[in-house]
Amino acid sequence: MTAPSWLDRFRVEAPLLTAPPFLSPPESGARPAAVLILFGEGPDGPDVLLIERAAHLNKHAGQPAFPGGGIDPDDDGPVGAALREAQEETGLDPAGVDVLVTLPELYLGRSGYRITPVAAWWREPSEVSAYDPGEVAAVARVPLAELADPANRLNVRHPAGFAGPAFMVPGSRFVGANLQPRGEALLVWGFTAGLLTQVLEVGGWDRSWDTARVEDLPPEVLALAARE
């Protein structure tokens, strides 16, 4: 099965994205990493694979994210690293994944990573789960329409004063190792929300939303983020 036509615009325009100055990687001194933006077609239409990181981690604890991690010497560059990490974290079968494009590098300063997003089409979806509970608390296939829904979009404000885009994703989408759906909504913010915002825009899936909606980051989110 070839990639569907709804990915055509994204495939053409995503490699042309320009990183904003605060996300531009330095010339040296940052560890290379990769994340997998995996598009599929589920029962609710086009979707993207997200994970929730384990709450006990020292970095990005409890945060929703794309599968991914550091590029190891044995990896075949960003593509190999993105597929390997996704397999280790969710149990997906890379044989059913077709890489579409790689996006320009982005810099995650708090972690010291220069990250290459790798976009791919889930040609033959496989079962996924919180395959590595030491790293991953839950996984979800989140419909693009749900992310683009204006009711699920907002900006979140950090006590330090800066604000950024965020998404509210129904918690029932995220299924953990115990296979029990969760009722509460999950806040997607930070680097992942910024990248998702670009994905929606460049793919033509974005919808007009109330950009004046700003809420403070919840205390429990701040507590986890403070570990860094």
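The values are calculated or read from the model by the stated rules, or taken from the named source; none is laboratory data. Everything quoted here is computed from the prediction, not taken from an experiment. Ideal geometry is used to build each Cβ from the backbone, glycine not excepted, and the neighbour counts take in all protein chains shown. To get the accessible areas, we keep the full protein, side chains included, count just its heavy atoms, and leave off ligands, DNA and RNA. Shrake-Rupley method; radii C 1.70, N 1.55, O 1.52, S 1.80 Å.
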Which residue fluctuates most in the GNM of the chain (Cα springs below 10 Å): Ala82, Ala119, Ala185? Ala185
Roll a 1.4 angstrom probe over the protein heavy atoms and tell me the percent of accessible area of the chain that is carbon or sulfur. 53
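By its C-alpha gyration tensor, with a ≥ b ≥ c as the square roots of the eigenvalues, how is region 21-82 shaped: rounded for a/c under 1.5, else prolate for a/b larger than b/c, else oblate?
prolate
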Ranked order, His158, His56 - accessible area, probe 1.4 Å, largest first: His56, His158
Only bridges whose two residues both fall in the chain count here: according to DSSP, what percent of them are antiparallel, nearest 5? 75
The farthest towards the positive end of the charge dipole of region 91-169, of the residues Tyr131, Ala120, Pro150, given +1 on Cβ of Lys and Arg and -1 on Cβ of Asp and Glu, is Pro150
Using +1 at the Cβ of each Lys and Arg and -1 at the Cβ of each Asp and Glu in the chain, identify which of Ala81, Gly69, Thr211 lies farthest towards the dipole's positive end. Thr211
Note down the magnitude of the dipole of region 28-144 about its Cα centre, charges +1 on Lys and Arg C-beta and -1 on Asp and Glu C-beta and zero elsewhere, to the nearest 20 debye. 560
Does region 49-125 come out rounded, prolate or oblate, given a ≥ b ≥ c as the square roots of the eigenvalues of its C-alpha gyration tensor, rounded meaning a/c under 1.5 and, failing that, prolate meaning a/b above b/c? oblate
Ranking Phe22, Phe191, Phe66, Phe162 from most to least accessible area with a 1.4 Å probe gives Phe22, Phe162, Phe191, Phe66
Relative to the Cα centre, what is the charge dipole magnitude of region 83-206, using +1 at the beta carbon of each Lys and Arg, -1 at the beta carbon of each Asp and Glu, and rounding to the nearest 20 debye? 420
Among (1) 47, 37, 27; (2) 47, 39, 38; (3) 45, 43, 36, the entry matching Cα extents along the principal axes in Å as calculated here is (3)
Quick check: from the Cα gyration tensor, does region 81-164 come out rounded (a/c under 1.5), prolate or oblate? prolate
So what's the back-of-envelope 222 nm ellipticity for the chain, counting only DSSP H runs of four-plus at -39500 (n - 2.57) apiece and dividing by all residues, rounded to 500? -5500 deg cm²/dmol
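For region 72-112, what is the charge dipole size about the Cα centre, in debye to the nearest 20, if Lys and Arg each add +1 at the Cβ and Asp and Glu each add -1 at the Cβ?
240
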Just to confirm the filter: which GluC sites (Glu not before Pro) across region 64-132 are DSSP coil and have at most 12 other Cβ within 10 angstrom of their Cβ? Glu127
Tell me, what HN-Hα J-couplings in whole Hz come from the Karplus equation 6.51 cos²θ - 1.76 cosθ + 1.60 at θ = phi - 60° for each residue of region 76-88, using x for Gly and Pro? 8, x, x, 4, x, 5, 4, 5, 5, 4, 4, 5, 5
Just the number please: accessible area per residue for the chain, 1.4 Å probe, all protein chains included, in Å². 46
Rank these residues by their accessible area, most exposed first, probe 1.4 Å: Asp76, Asp149. Asp76, Asp149
Could you pull out the GluC sites (Glu not before Pro) across region 25-69 that fall in loop regions by DSSP (anything but H, G, I, E, B) with no more than 12 other Cβ atoms inside 10 Å? Glu27
